[in-house]
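Worksheet: the structure to be examined is printed underneath.
The values are calculated or read from the model by the stated rules, or taken from the named source; none is laboratory data. Please read all numbers here as calculations on a predicted model, not as lab measurements. Reconstructed Cβ throughout: ideal geometry from the backbone, glycine too, with neighbour counts over all protein chains shown.
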Amino acid sequence: MDLSNEKLIQMYRTMKRIREFETKAAELFAEGRIPGFVHLYIGEEAVATGVCANLKDSDYITSTHRGHGHIIAKGGDLKYMFAELFGRETGYCKGKGGSMHIADADRGILGANGIVGAGHNIAVGAGLSAKYRDTDQVCVCFFGDGSTNQGTFHEALNMASIWKLPVIFVCENNLYGISMHQSRHQAIQDVADRAVAYNMPGVVVDGNDVLAVYEAAKEAVDRARNGQGPTLIECKTYRHRGHFEGDPTVYRDEEEVKEWLQKDPIPRLVEFMLDNNVVTEEEIKKIDEEIAAEIEEAIKFAEESPFPPVEAAVEDIYTDIVEEVRS
Amino acid sequence: MMKTITYSEAIREGMRKRMRENPNVFILGEDVGEFGGCFGVTGDLVKEFGEKRVRDTPISEGAIVGCAVGAASTGLRPIAELMFIDFVTVGMDQLVNQAAKMRYMFGGKISLPMVVRMPTGAGSRAAAQHSQSLEAWLTHVPGLKVVYPSTPQDAYGLILSAIDDDNPVVFLEHKLLYAMSGEVDLDIEPIPLGLADVKREGEDVTIIATAKMVHEALAAAEELAKEGIEAEVVDPRSLFPLDKETIFKSVEKTNRVVIATEETKRGSYAGELAAIIAEECFDYLDAPITRVCCLDTPIPFSPVLEDYVVPDSKDIIDAVKKLL
């Protein structure tokens, strides 16, 4: 493992920022301070973190309805994210997108997505674009196990493969497509097996081990940048929360949840860093305090931001047409 | 430079012009390369621009549209060809939920300069899954622009504008017009989206028609003229944005409106046009607005049945006479 201490600490920081952002989002949602609904990434932090640690700002990602972690790992600003969750004018999408549609084109974030499986083909388009323009950009397509039963998954892998596009397909296999266990929604154990059909490498990795995810993603990103085409990486992981906040999760038993809580990716990285003298407990405590302060500040920024003026509802549909307002 | 070319060639020459000017414009779709396109529209473009810019795709309409979305959001200007408008059903999520909504959902911080070309319409004995007119579905969606030319010159001028547009534009092409020839000025300025054209002037009735129905309307107008009825034929050319001004001006003059499209009547764009006129131009109407559309059936195969279901100039003449 050629990871510098600095990189490890950076990855810890990212995972912790995701965890704290999501924990706060859950609280705010429960208190009725965030409208709509939210799908939280708690438990899956190692995937977005390990993958995005290999990316540049100019690289692309497509995300999902469970997208907060991807956005944070790709460099998203917590202030604008919270502001978006609160539906404020200062949010990433001026309050027009909400939790499921956060995007930041400046950081190559081509959007979270409310349609399961819709990001796959957009990622292929971004990969085609990178190749067409002869850049070294890559596109990472994040998706859950549930989406691998959509036709788009197969269309996208096929197209990326025949054109040798710089796309990394990252499956976050959290064992459930909403309420349906993987064993009931597909007749395979490893989504990565499906790579065979598209003549690309299919890799299974412990998705709760950020170092393993980092390594697998590094190889795939290198391949993509070198013009060797796409890779399918399957990260075995688990969402600690329900599909959405408020999901009673009657479909999974407590033993299973307990077992996976033992594999929480964040304590695992902390243990590794302490064992290898990467950081001291005091240093971790300091990082945690910094993140807590950042989160508090971001929430304050969001809550103090104005709601958008109602007239904004008819703007931003087209670049050159503003629709009629209600008279 | 004036040249006599077909509707199909006009679209191709428009694409060629923009591809020569801008290396970021490219075409993708099924059989658009060496095969030249299902209806021959892309023709020889692959010879001039190569396979990188005239890109054959697998039969994956969702991926064709989705790929265009991804490419458009990252700096390119794709032109996606769907073999038949009927196949947009397979790519509908990418068009409706992604292309049309991304700019809005992302707070205006992204633009999607992409064109999706769709051969449309009945009359080629292709039956129910290769003959539809789905403009109502497409114009219904905020975030899309929808264009539907009726002549080679309009096809040329409008494809230039569609490619230049920074928003997703659905470019409908009527299959039976592909072979139609006409004089085309290849040096014209692009025809702005949202500019209707009065194809024939008249005082007695306004016939608003799209694509092939424009020609049916013109034929009807010639027949009506023999009986002393002068019809004005207005072609919106772009369904959204819509040039209401030209339409209202005509209605104010004639006080009678027939709307002729090839869609099934129920839930049609023709109904939308009728509603707009009723809401905003009611005081000028001397008769009910009448729609001449397809019967509310899937398009049947047998020529006898298809010709019965799809409207033509005779149906327009009948409709006009009922209003007078």
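In region B:134-182, of all residues being among the polar types (S, T, N, Q) and more than 13 Å from every other protein chain (Cβ to nearest Cβ), the one that is farthest from the chain's Cα centre (by Cα) corresponds to B:181.
The C-beta contact set for region B:58-69 (first residue facing another protein chain (nearest Cβ under 7 Å), second residue surrounded by fewer than 24 Cβ atoms within 10 Å (Cβ to Cβ) and assigned to a helix (DSSP H, G or I), distance under 8 angstrom, 6+ apart or interchain) comprises B:58/A:158; B:58/A:162; B:60/A:158; B:62/A:151; B:62/B:93; B:63/A:158. Scanning region A:153-183 for residues that are assigned to a helix (DSSP H, G or I) and either modelled with pLDDT under 95 or within 18 Å of the chain's Cα centre (by Cα) (or both) yields a total of 1.
Of all residues in region B:93-112, which are touching a residue at least 12 places away in the same chain (Cβ under 8 Å) and of a type outside the set (Ser, Thr, Tyr)?
At the first step, the residues of region B:93-112 found to be touching a residue at least 12 places away in the same chain (Cβ under 8 Å) are B:93-96, B:98-104, B:110-112.
The answer is B:93, B:94, B:95, B:96, B:98, B:99, B:100, B:101, B:102, B:103, B:110, B:112.
Of the residues making up region A:84-114, those that are among the acidic types (Asp, Glu) and at pLDDT 95 or above are A:84, A:89.
Residues in region B:195-214 that are surrounded by fewer than 21 Cβ atoms within 10 Å (Cβ to Cβ) and either within 18 Å of the chain's Cα centre (by Cα) or within 29 Å of residue B:166 (Cβ to Cβ) (or both): 5 in all.
If you filter region A:225-270 down to residues that are aromatic (Phe, Trp, Tyr) and part of a loop (DSSP other than H, G, I, E, B), you find that the one that is surrounded by the fewest Cβ atoms within 10 Å (Cβ to Cβ) is A:251.
Rundown of residues vs (1) closer than 19 Å to residue A:188 by Cα; (2) of a type in the set (A, V, I, L, M), yes/no style:
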| residue | (1), (2) |
| --- | --- |
| A:110 | no, yes |
| A:118 | no, yes |
| A:122 | no, yes |
| A:127 | no, no |
| A:141 | no, no |
| A:146 | yes, no |
| A:151 | yes, no |
| A:156 | no, yes |
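So, in region B:116-133, exactly how many residues are crowded, with 21+ Cβ neighbours inside 10 Å and either in contact with a Leu (Cβ under 6 Å, 6 or more places away or on another chain) or more than 14 Å from chain A (Cβ to nearest Cβ) (or both)?
Step one: filter region B:116-133 for residues crowded, with 21+ Cβ neighbours inside 10 Å, giving B:116-122, B:131-133.
If we keep only those that are either in contact with a Leu (Cβ under 6 Å, 6 or more places away or on another chain) or more than 14 Å from chain A (Cβ to nearest Cβ) (or both) too, we end up with B:117-122, B:131-133.
Counting residues in region B:116-133 that are crowded, with 21+ Cβ neighbours inside 10 Å and either in contact with a Leu (Cβ under 6 Å, 6 or more places away or on another chain) or more than 14 Å from chain A (Cβ to nearest Cβ) (or both) gives 9.
For region A:1-51, filtered to residues that are aromatic (Phe, Trp, Tyr) and in a loop (DSSP other than H, G, I, E, B), the residue that is nearest to residue A:264 (Cα to Cα) is A:41. Under 20 Å from residue A:324 (Cβ atoms), at pLDDT 95 or above and either buried (at least 23 other Cβ atoms within 10 Å of the Cβ) or under 20 Å from the mean Cα position of the chain (by Cα) (or both), is that true of residue B:240? In short, yes. Among the residues of region A:125-145, is there at least one that is of a type in the set (Gly, Ala, Ser), under 20 Å from residue B:104 (Cα atoms) and at the interface with chain B (Cβ under 10 Å from one of its Cβ atoms)? Among the residues of region A:125-145, at least one is of a type in the set (Gly, Ala, Ser), under 20 Å from residue B:104 (Cα atoms) and at the interface with chain B (Cβ under 10 Å from one of its Cβ atoms), which makes the answer yes.
Can you name every residue in region A:100-123 that is outside any helix (DSSP H, G or I) and among the acidic types (Asp, Glu)?
A:104, the sole residue that qualifies.
Tally the residues that are farther than 20 Å from residue A:66 by Cβ and in contact (Cβ under 8 Å) with a residue 40 or more places away in the chain, restricting the search to region A:226-273. It would help to see each step written out before you state the result.
Going through region A:226-273, the residues farther than 20 Å from residue A:66 by Cβ turn out to be A:226-231, A:253-255, A:258-259, A:262, A:267-273.
Next, only the ones that are in contact (Cβ under 8 Å) with a residue 40 or more places away in the chain stay: A:227-231, A:268-270, A:272-273.
Number of matching residues: 10.
Within region A:39-78, the set of residues being within 14 Å of chain B (Cβ to nearest Cβ) and either touching a His at 6+ places or on another chain (Cβ under 9 Å) or at positive phi (or both) comprises A:61, A:62, A:63, A:64, A:65, A:67, A:76. All conditions but one from (1) within 8 Å of chain A (Cβ to nearest Cβ); (2) touching a His at 6+ places or on another chain (Cβ under 6 Å); (3) of a type outside the set (Val, Ile, Thr); (4) surrounded by fewer than 24 Cβ atoms within 10 Å (Cβ to Cβ) apply to residue B:84; the one that does not is (1).
Screening A:102, A:122, A:115 for residues that are surrounded by 24 or more Cβ atoms within 10 Å (Cβ to Cβ), within 8 Å of chain B (Cβ to nearest Cβ) and not charged (D, E, K, R) leaves exactly one candidate, A:122.
Residue count for region A:62-79, restricted to those that are in a helix (DSSP H, G or I) and buried (at least 22 other Cβ atoms within 10 Å of the Cβ): 7.
Going by what's in this entry, would residue B:156 be described as within 27 Å of residue B:299 (Cα to Cα), assigned by TED's automatic domain parsing to the domain that holds residue B:20 and either in contact (Cβ under 8 Å) with a residue 24 or more places away in the chain or surrounded by 18 or more Cβ atoms within 10 Å (Cβ to Cβ) (or both)? Talk me through it step by step, then tell me what you get.
Working: within 27 Å of residue B:299 (Cα to Cα): no; assigned by TED's automatic domain parsing to the domain that holds residue B:20: yes; either in contact (Cβ under 8 Å) with a residue 24 or more places away in the chain or surrounded by 18 or more Cβ atoms within 10 Å (Cβ to Cβ) (or both): yes.
Answer is no for this residue.
For residue A:66, the conditions (1) under 24 Å from residue B:99 (Cβ atoms); (2) touching a Ser or Thr at 6+ places or on another chain (Cβ under 8 Å) are fulfilled apart from (2). If you go through region B:37-64 and keep only what is closer than 20 Å to residue A:162 by Cα, among the hydrophobic types (A, V, I, L, M, F, W, C) and in a loop (DSSP other than H, G, I, E, B), you end up with just B:59. Taking every residue in region B:22-38 that is under 10 Å from residue B:53 (Cβ atoms) and pairing it with any residue that is crowded, with 18+ Cβ neighbours inside 10 Å and among the polar types (S, T, N, Q), at least 6 positions away or on another chain, the pairs with Cβ-Cβ distances below 7 Å are B:27/B:42; B:28/B:57.
The residue of region A:287-314 that is nearest to residue A:77 (Cα to Cα), among those that are part of a loop (DSSP other than H, G, I, E, B) and under 28 Å from the mean Cα position of the chain (by Cα), is A:305.
Restricting region A:88-99 to residues that are part of a loop (DSSP other than H, G, I, E, B) and among the hydroxyl-bearing types (Ser, Thr, Tyr), which is nearest to the other protein chains (Cβ to nearest Cβ)? Reasoning before the result, please.
Just the residues of region A:88-99 that are part of a loop (DSSP other than H, G, I, E, B), to begin with: A:88-98.
Add one more test, that the residue is among the hydroxyl-bearing types (Ser, Thr, Tyr), and what stays is A:90, A:92.
Numbers: A:90: 10, A:92: 7 Å.
Among them, the one singled out is A:92.
It is to be established whether one or more residues within region B:311-323 are assigned by TED's automatic domain parsing to the domain that holds residue B:205, in contact with a His (Cβ under 9 Å, 6 or more places away or on another chain), closer than 22 Å to residue B:218 by Cβ and of a type in the set (Asp, Glu). Within region B:311-323, not a single residue is assigned by TED's automatic domain parsing to the domain that holds residue B:205, in contact with a His (Cβ under 9 Å, 6 or more places away or on another chain), closer than 22 Å to residue B:218 by Cβ and of a type in the set (Asp, Glu).
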